[in-house]
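The values are calculated or read from the model by the stated rules, or taken from the named source; none is laboratory data. These figures come from a predicted structure and were not determined experimentally. Cβ sites come from the backbone with ideal geometry, for glycine too, and all protein chains shown count toward neighbours. Quick note on the areas: whole protein, heavy atoms, side chains included, nothing else; ligands and nucleic acids left out. Shrake-Rupley method; radii C 1.70, N 1.55, O 1.52, S 1.80 Å.
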Amino acid sequence: MAVLVTGASRGIGKAVALRLAEQHDVAVNYRDSADAADEVVRRAEEKGATVEAVRADVRDSEAVANMVDDVARTFDGLDAVVNNAGIVRPDRATDIGDEQWQNVLDTNLTGAFYVARAAVPHLTPDGDVVNISSIGGTGGTVDASYAASKAGLHGLTRALAREFGSEGVQVNAIAPGPVETELNDDIVSYLESVDFRGHENVDTHLPTYACDPDEVAHTVEYVLENDFLQGEIVNVNGGMQFR
Ligand code: NDP
């Protein structure tokens, strides 16, 4: 059995795939970056896992259903899915176009729903759905489409935990603050362009807010290992925001 990680060709998803490969077989989902996904597969296989790259756009429900069925067949079931694929298209809310809004919601929220819907029937009795959310979903930043998609992911997490908890499925989310990836570069550029000062009065021991992707991967590992965590939003933000 394996863990399916969406958006694992780079950034946080890649770190999650590489860390989980120490203990699990892994399916590395990607949309466009086939060469990068193949490189993740090669590095994960070095850790002794059976790993395969699986292409699907998480916005496409049929492609997602086929991918999840294929992975479950190949690995004889699923231990967990990590809904990590995500995008940002930041703009002043009054400038966000319909397509732009829909693209972010479709990727970050609906995509996670499609994956969870397809995966739950294949999950082992103590299987997990882990949704990679963001501090943006708990009120930590501007950027309406991204914040709405991630806040929606919190609702989805809790609803699925309520619905499938009695069947032994654990559903949790992880809400990181800034993480050093390409996506974060886009967020930082945007926040600087609008002179966002929401982070200025935060007290933290850290020299920088942005953590290494492996900090998030470590938290995914913790969530998967913990049998008592259910319906939680686990904050990993170095004290940038308390909940
Ligand atoms: P990156 O931009 O570095 O990587 C995004 C990944 O998602 C890529 O592997 C990309 O694959 C994949 N992806 C994008 N769209 C789709 C799609 N439609 N279908 C399938 N895969 C897709 O992002 P991060 O690693 O930074 O972010 C990962 C997750 O963590 C996101 O959900 C993000 O919101 C969240 N997060 C990130 C933070 C940060 O500061 N970086 C902070 C908090 C949360 P491909 O290249 O093949 O398109």
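Checking each residue in the range 120-147 for being touching a Pro at 6+ places or on another chain (Cβ under 9 Å), over 14 Å from Ala85 (Cβ atoms), within 11 Å of the ligand (Cβ to nearest atom) and not in a loop (DSSP other than H, G, I, E, B) picks out only Ile135. Look at (1) in contact (Cβ under 8 Å) with a residue 24 or more places away in the chain; (2) in contact with a strand residue (DSSP E or B) (Cβ under 9 Å, 6 or more places away or on another chain); (3) more than 10 Å from the ligand (Cβ to nearest atom); (4) farther than 28 Å from Gly155 by Cα and you find that Ala36 fails only one, number (3).
I'd like to check something: does the range 93-114 contain any residue that is over 27 Å from Gln241 (Cβ atoms) and under 16 Å from the mean Cα position of the chain (by Cα)? Yes, there is a match, as at least one residue in the range 93-114 is over 27 Å from Gln241 (Cβ atoms) and under 16 Å from the mean Cα position of the chain (by Cα).
Where helices (runs of 4 or more DSSP H) fall wholly inside the range 46-119, the ranges with 3 or more residues that are more than 15 Å from the ligand (Cβ to nearest atom) are 61-74. Among residues of the range 24-33 being touching a residue at least 24 places away in the same chain (Cβ under 8 Å) and surrounded by fewer than 24 Cβ atoms within 10 Å (Cβ to Cβ), the one that is nearest to Ala63 (Cα to Cα) is Arg31. Scanning the range 222-233 for residues that are outside any loop (DSSP other than H, G, I, E, B) and surrounded by fewer than 18 Cβ atoms within 10 Å (Cβ to Cβ) turns up Tyr222, Glu225.
Quick grid of which residues meet (1) of a type in the set (Asp, Glu); (2) within 17 Å of Gly7 (Cβ to Cβ):
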{"position": "Thr124", "(1), (2)": "no, no"}
{"position": "Asn131", "(1), (2)": "no, yes"}
{"position": "Gly136", "(1), (2)": "no, yes"}
{"position": "Asp143", "(1), (2)": "yes, no"}
{"position": "Thr181", "(1), (2)": "no, yes"}
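Scanning the range 158-192 for residues that are more than 12 Å from the ligand (Cβ to nearest atom) and among the polar types (S, T, N, Q) yields Ser166, Gln170, Asn172, Ser189.
Within the range 92-111, the residues that satisfy the criterion of being within 25 Å of Val234 (Cα to Cα) and either without any contact (Cβ under 8 Å) to a residue 60 or more places away in the chain or open to solvent by 40 Å² or more (accessible area, probe 1.4 Å) (or both) are Val104, Leu105, Asp106, Thr107, Asn108, Leu109, Thr110.
Applying the criterion of being in a loop (DSSP other than H, G, I, E, B) and open to solvent by less than 20 Å² (accessible area, probe 1.4 Å) to the residues of the range 1-23, the residue that is farthest from the ligand (Cβ to nearest atom) is Ala21.
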